[in-house]
C-alpha cells in the first residue's frame with residue numbers, strides 16, 4: 001500500500017495525504033496545503049442512499065489505512081450503525097467494486113469522485129464530511145529542501161490565477177458544459193426562417209409587379225396624349241384643305257387664342273354686371289332720360305329743393 005511503502009522508504013514522496021497527529025509522527029509534511037478537500041459518499045444509481053442512516057447494514061468501500069475509514073468508522077459508531085468496510089488499494093478498484101455490486105457505497109475525496117462517478121455509473125449521495133487539508137508526505141529522514149521547494153512553488157502558483165495550479169484544478173473539478181437545443185426549438189427556428197424568406201420573396205415579387213404596372217400605365221398615358229395631339233393636327237389639316245376653316249394657325253396657337261378670347265369675354269361680362277349693380281343703387285328719378293345729359297338732370301332735382 002502507498003503509505004506502507006512510504007514508511008519503509010520505498011518511495012520518497014507521496015501526494016494527496018491528509019495530515020493527522022498520528023501521521024505526523026512517522027512522516028514529514030510541508031507547511032502550505034496543496035489542496036483543501038472533503039470526503040463524499042457515492043453509490044449506484046437508484047440505491048436510495050441519501051443520508052448516513054441509510055448506510056446501516058451496508059458494505060462501504062474505502063482505501064486501506066485511509067483517514068476516510070478512520071473518521072467514518074467513528075461517525076457510524078456515534079450513530080449506532082452497523083457498517084462493513086471493504087478495503088482496496090486504490091480508488092479505481094473501490095469504484096469498480098460498487099459498480100459490480102461487491103460494495104454498496106464508496107468513500108472518496110471530492111476530486112476523484114466528481115471526475116470518475118459517471119464512468120462507473122455512480123451518483124453523489126449528498127453525504128459529505130470532514131473538510132481536510134492535503135499535503136505531500138515524505139519519510140522522516142527526507143531532505144528538508146525538497147519540502148521547502150514544494151512550499152515555495154505552491155505559494156507562487158497560488159498568487160497567479162492563470163498558473164498551472166488553477167488550470168489543473170479547473171480541469172479535474174469542473175464538468176464541461178454543453179448547450180443542448182431542444183428539437184422543437186430547432187423546428188420553430190427553421191419554420192420562422194422559411195416564413196421570413198418566403199415573405200421576402202413575395203414582397204420582392206409584388207414590388208416588381210407594381211413597378212411594372214405603373215410603368216405600363218405611364219406608357220399608355222403618354223401614348224394616348226400623343227395620339228390625341230396627332231388627331232387634332234390631322235383634323236386641323238383636313239379642315240384647312242377643305243376650306244372649312246378660316247383660321248389656318250397651328251393647333252397650339254389656336255388654343256392659346258381661344259383662352260385669351262374667353263378671358264376678354266369674361267372681363268366684359270363682369271363690367272356689364274358691375275354697371276347694372278350701380279344703376280340699381282341710384283334712384284330712378286335721378287337717372288337721365290333718353291337724350292338728356294346726366295348732369296342737367298341732377299341740377300333740376302337739386303333746384304326743386306331750393
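Kindly indicate whether any position in segment 139-151 is surrounded by fewer than 20 Cβ atoms within 10 Å (Cβ to Cβ), farther than 29 Å from residue 4 by Cβ and modelled with pLDDT of 90 or more.
No: segment 139-151 contains no residue that is surrounded by fewer than 20 Cβ atoms within 10 Å (Cβ to Cβ), farther than 29 Å from residue 4 by Cβ and modelled with pLDDT of 90 or more.
Which members of segment 101-125 meet the condition of being at pLDDT below 90, touching a strand residue (DSSP E or B) at 6+ places or on another chain (Cβ under 7 Å) and surrounded by fewer than 19 Cβ atoms within 10 Å (Cβ to Cβ)?
Selection gives 110, 111.
Does segment 53-70 hold any residues that are buried (at least 18 other Cβ atoms within 10 Å of the Cβ) and more than 28 Å from residue 2 (Cα to Cα), and which are they?
Passing the criteria: only 54.
Quick check on residue 280: is it loosely packed, with under 10 Cβ neighbours inside 10 Å and either at pLDDT 80 or above or assigned to a helix (DSSP H, G or I) (or both)? Spell out how you get there, then give the answer.
Numbers: loosely packed, with under 10 Cβ neighbours inside 10 Å: yes; either at pLDDT 80 or above or assigned to a helix (DSSP H, G or I) (or both): yes.
Taking the combined requirement at face value, the residue satisfies it.
Using beta carbons and a limit of 8 Å, which pairs, at least six apart or on different chains, have the first residue in segment 103-127 and on the phi > 0 side of the Ramachandran plot and in contact (Cβ under 8 Å) with a residue 24 or more places away in the chain and the second one part of a strand (DSSP E or B) and buried (at least 16 other Cβ atoms within 10 Å of the Cβ)?
121/44
Residues of segment 68-88 being touching a helix residue (DSSP H, G or I) at 6+ places or on another chain (Cβ under 8 Å) and closer than 23 Å to residue 17 by Cβ, which ones?
75, 85, 86, 87, 88
How many residues does segment 7-32 hold that are surrounded by fewer than 18 Cβ atoms within 10 Å (Cβ to Cβ) and in a loop (DSSP other than H, G, I, E, B)?
The qualifying residues number 11.
Right, residue 43: surrounded by fewer than 19 Cβ atoms within 10 Å (Cβ to Cβ) and in contact (Cβ under 8 Å) with a residue 12 or more places away in the chain or not?
no
Pairs only if they're at least six apart or on different chains, beta carbon under 9 angstrom, first in segment 214-225 and at pLDDT 85 or above, second surrounded by 10 or more Cβ atoms within 10 Å (Cβ to Cβ) and outside any helix (DSSP H, G or I); list them, first residue then second.
none
Condition check: within 30 Å of residue 145 (Cβ to Cβ) and without any contact (Cβ under 8 Å) to a residue 12 or more places away in the chain. Does residue 5 satisfy that? Before you say what the answer is, go through the steps one by one.
Numbers: within 30 Å of residue 145 (Cβ to Cβ): yes; without any contact (Cβ under 8 Å) to a residue 12 or more places away in the chain: yes.
Spelling it out, residue 5 is indeed within 30 Å of residue 145 (Cβ to Cβ) and without any contact (Cβ under 8 Å) to a residue 12 or more places away in the chain.
State which residue pairs qualify: first residue under 15 Å from residue 110 (Cβ atoms) and inside segment 161-172, second residue part of a helix (DSSP H, G or I) in any location, beta carbons under 7 Å apart, and separation of 6 or more residues or different chains.
Matching pairs, first to second residue: 172/111; 172/115.
The values are calculated or read from the model by the stated rules, or taken from the named source; none is laboratory data. Small disclaimer: the values here were computed from a predicted structure and weren't measured. So basically every Cβ, Gly included, is an ideal-geometry build from the backbone, and we count neighbours across all protein chains shown.
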